[in-house]
1. Just one of the numbered conditions (1) modelled with pLDDT under 95; (2) surrounded by 15 or more Cβ atoms within 10 Å (Cβ to Cβ) is not true of VAL125; which one?
2. Would you point out the residue of the range 36-58, among those that are touching a strand residue (DSSP E or B) at 6+ places or on another chain (Cβ under 6 Å) and surrounded by fewer than 16 Cβ atoms within 10 Å (Cβ to Cβ), that is farthest from TRP215 (Cα to Cα)?
3. Every residue in the range 54-79 that is of a type in the set (Asp, Glu) and closer than 19 Å to LYS251 by Cβ, please.
4. Could you tell me whether the range 233-245 includes any residue that is assigned to a strand (DSSP E or B), surrounded by fewer than 19 Cβ atoms within 10 Å (Cβ to Cβ), out of contact with any Leu (no Cβ under 9 Å at 6 or more places or on another chain) and not assigned by TED's automatic domain parsing to the domain that holds LEU156?
5. Considering only residues that are of a type in the set (Gly, Ala, Ser), under 18 Å from the mean Cα position of the chain (by Cα) and surrounded by fewer than 18 Cβ atoms within 10 Å (Cβ to Cβ), which ones fall in the range 85-122?
6. With charged (D, E, K, R), within 20 Å of the chain's Cα centre (by Cα) and crowded, with 16+ Cβ neighbours inside 10 Å as the only criterion, which of ARG176, ARG143 stands out?
7. Filter the range 194-253 down to residues that are more than 14 Å from the chain's Cα centre (by Cα) and among the acidic types (Asp, Glu) and give me whichever is farthest from LYS153 (Cα to Cα).
8. Quick check on the range 14-35: of everything there that is farther than 24 Å from LEU101 by Cβ and either of a type in the set (Lys, Arg) or in contact with a strand residue (DSSP E or B) (Cβ under 6 Å, 6 or more places away or on another chain) (or both), which residue is modelled with the lowest pLDDT?
Amino acid sequence: MARIEIPAGSAPCEIAAVPANGTLRRIVEFDRVSKIYLPGTRKEFTSIRNVTFHVEDKPDVGEFIGMLGPSGCGKSTVLRLIAGLAPHFPATTGTVLVGGLPVEGPGPDRGFVFQDYANFPNLSVLENVAFGLECAQVPEKERLERAWEWLGKVGLDAKNDADKFPYQLSGGMNQRVAIARTLILGPRIILMDEPFGALDPGTRQNMQDLLVALWKELEATVFFVTHDVGEAVFLADRLYIFSPSPGTIFKQMAITPPDRKSVEMQAVPAFQESVREVRHLLDQAGRSSPTDSSPA
């Protein structure tokens, strides 16, 4: 089970102390990373400045990292630096390591789920899910069998949905296809950039529950960007709050795991108090200057 159990005496989704630095292998590490776009021009823009953090590779557990902050504070830049995606990659200064090695570009160890689904319109649902396996030259029979299995894992009806095309699906169904296409490759790191931002509240909560269930199975490290405070509190083991641009980590905190589904957590007092506290910290971060911002 990927989720850490709730410590004795703690409530679900309660803000907790960040664990002391351990001795486990670091799966992702940023050391004083800054990114400047169009340097030396009139349009020069600093997205992030001196971002430093590390995430350990916890055996048989994984960790869910939530990322909150105002628009333009560099959260998506951080994801794309981990993924090795241009033009955000490479960093202007500082070091980005994945598995102890410098990032040199995209790789199968990292999967990316975008807000806009990015499904191929000319491929069927089954073909979309199997696409990465085809690129990896997995034999057709095996990749289609695995794609069929993953349709069920993300809550789609394989019999009725496999031959449909993206235009025939709702937003929630399209996102399920995109998640299946990413997770079928078994990445050690899953990068998610507001994947549920365009969904209605009910569908969004269902997708949150689905994501927790899949994450428990994969035991991967997840970086999840969102603007929804409740979503971040429900999903995250650790939460990074970013200051306005140029973004840096204003505050980080640990959050105990939930013990029930997303819709049920809304009424839990500890959850409500954590949401209020995080909103207060976001307000503080919004009033801070870059020189005031430092992780605590």
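1. VAL125 satisfies all of (1) modelled with pLDDT under 95; (2) surrounded by 15 or more Cβ atoms within 10 Å (Cβ to Cβ) except (1).
2. Among them, the one singled out is PHE45.
3. Residue satisfying the conditions is GLU63 alone.
4. Checked against the condition, which is being assigned to a strand (DSSP E or B), surrounded by fewer than 19 Cβ atoms within 10 Å (Cβ to Cβ), out of contact with any Leu (no Cβ under 9 Å at 6 or more places or on another chain) and not assigned by TED's automatic domain parsing to the domain that holds LEU156, the range 233-245 yields at least one hit.
5. GLY99, GLY107, ALA118
6. ARG176
7. Going through the qualifying residues, I end up with ASP200.
8. Looking at the filtered set, the residue picked out is VAL18.
The values are calculated or read from the model by the stated rules, or taken from the named source; none is laboratory data. Not measured: the values here are computed from a predicted model. Positions of Cβ are backbone-derived with ideal geometry, glycine not excepted, and every protein chain shown enters the neighbour counts.
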